[in-house]
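J.: Just passing along the structure, written as structure tokens.
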Amino acid sequence: MNLIALKMLRGERAKYYGLIFGITFATLLMSQQVAIFIGLMERTASQIIDLREADVWVMDPQVQYIDEIIAMPDVKLSAVRSVSGVKWAVPFYKGLAVIKAGDGTMQQVILLGIDDHSLIGAPPQMLHGRLEDIQQPNAMIIDRAGYEFIWPGQAVKLPREIEINDNRVVITGIADASAPFVTFPVVFTTYSRAVELAAKQRTQMSFIIAKANAGVDPTDLAKRIHQATNLQALTWYDFMWRSIEYYLQRTGIPVNFGITVALGFIVGASVAAQTFYIFVLENIRQFGTLKAIGVTNQQILRMVLLQATVVGSIGYSIGIGFCALFFYCLSGVTALRGFYLPWQVALGAAIAVTVIMLLASLVSIRKVFVLDPAVVFRG
Amino acid sequence: MTILTTHQIVKDFPAGDGVVRVLHGIDLTLRKGELTMLVGPSGCGKTVLLSILSGILSATSGTIEILGTTITTLADRPKVLFRRQHLGFIFQQYNLLSSLTAVENAAMPLVAAGMPLSAANQRAALILDDIGMGRHLDKLPRQLSGGQQQRVAIARALVHEPALIVCDEPTAALDAQTGHAVMEILRRRARDHNRGILVVTHDNRIYPFADRIIAMDDGKILDDQPNLNSLDPATFPIAPSPSNHSV
């Protein structure tokens, strides 16, 4: 009966393609929007995600997310280092600055200051130049996207002089760094130089990043640091979610994306369910004939579920393929880097499509189950 | 030999606050090798009786016995399986599956019973060939004429060799010549293969093909007599062959 079911499905070409289109559309819309949403949320915590050497982030108790900088006095670093279970703790600067290129181009940048000696907090991967050169006088490293923003279309040329907050500095390397939420270039320098370049304040240490000793639970360590220093201490994972949750709660982004994803589900489900329902309804006499000649309800259920599975699988495969292609094409666009299709999203879309097709099948099959096969005797 | 007997079949349909009785205690018997016609004016209850006799519709009261099994007491699933094994159906509008070829349509009862598709198609092809459709095995219903579609429906009704074949107005959508060709096939099957065939019709052009005619009106059997005007089998026209068949 499986082959019969497939022939029935493919025999109605317009509806067959309509069903596939509905599922493809729903899959594409849901997976693409959810993936972009996740990409955006990951961007809000990009510096935390990049800096995986640190187990614990320590900050002012009022800080709610990574872009909210409330500087701490330098003495707090010693206080953190003295907490039992801390392997190391180093300062980390984060702030905004304005750079001026040789041709007069002005650009706001995210300025990150990493530990002068250990270079903990450095970008995850160097693309050009050496990380150690950051310790040379006035040296800085810029992320790839930043270089392309400031010198679009130009070949890599190092070293390169720029001004930052009216101070002359030299770009000595280009690194690969995760895209931040706002697409500002990210420049790295040593902590002491970052503090010098930044606008002077009474306190300037943005964060302290710390590593737990072997065998020490970072969550416990964070609690101990908090108790010992009265500072806010979070594991990198908790801080990442704190930052993401801030955007979730304080911006309309999740609502907008949520609406789009829900629309994708509803439109996809409606198109698929309605087309499938019409497909079954227009074949009701044929189903009646099958029932009359002795095809059982279970056999018909299996036929309908097989038809739904085939249509769902093809539609999903095309939809998720288009989605993957979309992100593949995006990967070459500097401003949109960092967006990708997580496997969890692909899995979630598969589950959603399964639900859609189950709903469509149930709505349709009910009509067949209650169908009086005597309908076939009516002229 | 008796295939089917009924005892006091009654069928009521709800209507408003009450019920409408459409069958008033029907008693009848169908025998092997016999083509029986159930005739009567529209609305007299022929099709309802046909649906009940074939186990598609439930009777309000009364019993039906087919090949020694009382189908009125069977549960739904056993009834469906019984129908699949022992009954064949021919419908007024053919009711072929539009996406399947002639041979696949004819093979449906065997496939439904679990026979592999290739074996079922092979057996269906033999039947189709036997009734003059050998050249049209791979055609879709829309590529066939009405008469050809009805032949495919006949093949579907015969392929699993049921003891009883029920036909609902099998010639209503066909011209006289095509209708006669279809009836020839059915009557030959009844006689040569010892099947019981019940034909519901009000097409008096095909009455000569009946061995017995049961007349109904107002939900009651008025008359049940052998057909004295039945065509003599010896005078039957030659059954259409694949080469000369034009139905």
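J.: Could you tell me which numbered condition B:SER98 fails, if it satisfies all but one of (1) at pLDDT below 90; (2) in a helix (DSSP H, G or I)?
T.: All conditions are met except number (2).
J.: Now a separate question. From the list A:THR219, A:THR203, A:THR172, which one is touching a Pro at 6+ places or on another chain (Cβ under 8 Å), open to solvent by 10 Å² or more (accessible area, probe 1.4 Å), assigned by TED's automatic domain parsing to the domain that holds A:GLY85 and under 22 Å from A:LYS76 (Cβ atoms)?
T.: Being touching a Pro at 6+ places or on another chain (Cβ under 8 Å), open to solvent by 10 Å² or more (accessible area, probe 1.4 Å), assigned by TED's automatic domain parsing to the domain that holds A:GLY85 and under 22 Å from A:LYS76 (Cβ atoms) holds for just one of A:THR219, A:THR203, A:THR172, which is A:THR203.
J.: Please go through segment B:17-64 and give me each residue that is of a type in the set (S, T, N, Q) and either open to solvent by 30 Å² or more (accessible area, probe 1.4 Å) or over 21 Å from B:PHE91 (Cβ atoms) (or both), ordered by number.
T.: Within segment B:17-64, B:THR29, B:SER42, B:THR47, B:SER58, B:THR60, B:SER61, B:THR63 meet the criteria.
J.: For segment A:340-379, enumerate the residues that are away from chain B (no Cβ under 14 Å), surrounded by 20 or more Cβ atoms within 10 Å (Cβ to Cβ) and not small (Gly, Ala, Ser).
T.: A:LEU341, A:VAL345, A:VAL353, A:ILE356, A:MET357, A:ILE365
J.: Could you tell me which of the residues A:SER31, A:SER84, A:SER46 is more than 14 Å from every other protein chain (Cβ to nearest Cβ), among the polar types (S, T, N, Q), touching a residue at least 12 places away in the same chain (Cβ under 8 Å) and surrounded by fewer than 19 Cβ atoms within 10 Å (Cβ to Cβ)?
T.: Step by step, each of A:SER31, A:SER84, A:SER46 is checked, and only A:SER84 is more than 14 Å from every other protein chain (Cβ to nearest Cβ), among the polar types (S, T, N, Q), touching a residue at least 12 places away in the same chain (Cβ under 8 Å) and surrounded by fewer than 19 Cβ atoms within 10 Å (Cβ to Cβ).
J.: Same structure again: Considering only segment B:48-74, state which residues are assigned to a strand (DSSP E or B), over 17 Å from B:GLY88 (Cβ atoms) and hydroxyl-bearing (Ser, Thr, Tyr).
T.: B:SER61, B:THR63, B:THR70
J.: Among the residues of segment A:205-218, is there at least one that is in contact with a strand residue (DSSP E or B) (Cβ under 9 Å, 6 or more places away or on another chain), in a helix (DSSP H, G or I), within 24 Å of A:ILE120 (Cβ to Cβ) and without any contact (Cβ under 8 Å) to a residue 24 or more places away in the chain?
T.: Looking for residues that are in contact with a strand residue (DSSP E or B) (Cβ under 9 Å, 6 or more places away or on another chain), in a helix (DSSP H, G or I), within 24 Å of A:ILE120 (Cβ to Cβ) and without any contact (Cβ under 8 Å) to a residue 24 or more places away in the chain, one finds none in segment A:205-218, hence no.
J.: Now a separate question. Does A:ILE38 qualify as being exposed (fewer than 15 other Cβ atoms within 10 Å of the Cβ) and of a type in the set (Val, Ile, Thr)?
T.: no
J.: Only residues that are away from chain B (no Cβ under 11 Å) and open to solvent by less than 10 Å² (accessible area, probe 1.4 Å): list them for segment A:260-308, please.
T.: If the condition is that a residue be away from chain B (no Cβ under 11 Å) and open to solvent by less than 10 Å² (accessible area, probe 1.4 Å), then A:GLY264, A:GLY268, A:ALA272, A:PHE276, A:PHE279, A:VAL280, A:VAL304, A:GLN307, A:ALA308 are the ones that fit.
J.: Still on this structure: Yes or no: segment B:184-193 includes at least one residue that is within 14 Å of chain A (Cβ to nearest Cβ) and open to solvent by less than 20 Å² (accessible area, probe 1.4 Å).
T.: No, that holds for no residue.
Each row is one residue, and each column tells you yes or no for (1) within 29 Å of the chain's Cα centre (by Cα); (2) touching a residue at least 40 places away in the same chain (Cβ under 8 Å).
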| site | (1), (2) |
| --- | --- |
| A:ASP116 | no, yes |
| A:ILE120 | yes, yes |
| A:LEU131 | yes, yes |
| A:PRO159 | no, no |
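J.: Give me the residue from segment B:84-109 that is over 26 Å from A:ARG13 (Cα atoms) and open to solvent by less than 10 Å² (accessible area, probe 1.4 Å) and, out of that set, farthest from the other protein chains (Cβ to nearest Cβ).
T.: This residue is B:ILE90.
J.: As an exercise: evaluate B:ALA153 against (1) under 23 Å from A:MET1 (Cβ atoms); (2) more than 11 Å from chain A (Cβ to nearest Cβ); (3) buried (at least 22 other Cβ atoms within 10 Å of the Cβ) and give the number of the one condition it does not meet.
T.: (2)
J.: Ok, one more. Give the residue that is farthest from the other protein chains (Cβ to nearest Cβ), with candidates limited to residues of segment B:65-80 that are within 17 Å of B:ILE3 (Cβ to Cβ), of a type in the set (A, V, I, L, M, F, W, C) and open to solvent by 10 Å² or more (accessible area, probe 1.4 Å).
T.: Only one residue fits best here, namely B:LEU67.
The values are calculated or read from the model by the stated rules, or taken from the named source; none is laboratory data. Nothing here was measured: the structure is a model prediction, and the numbers come from that model. Here Cβ is always computed from backbone atoms with ideal geometry, including for glycine, and neighbour counts include all displayed protein chains. Surface areas here come from the heavy atoms of the whole protein model, side chains and all, with no ligands, DNA or RNA. Shrake-Rupley method; radii C 1.70, N 1.55, O 1.52, S 1.80 Å.
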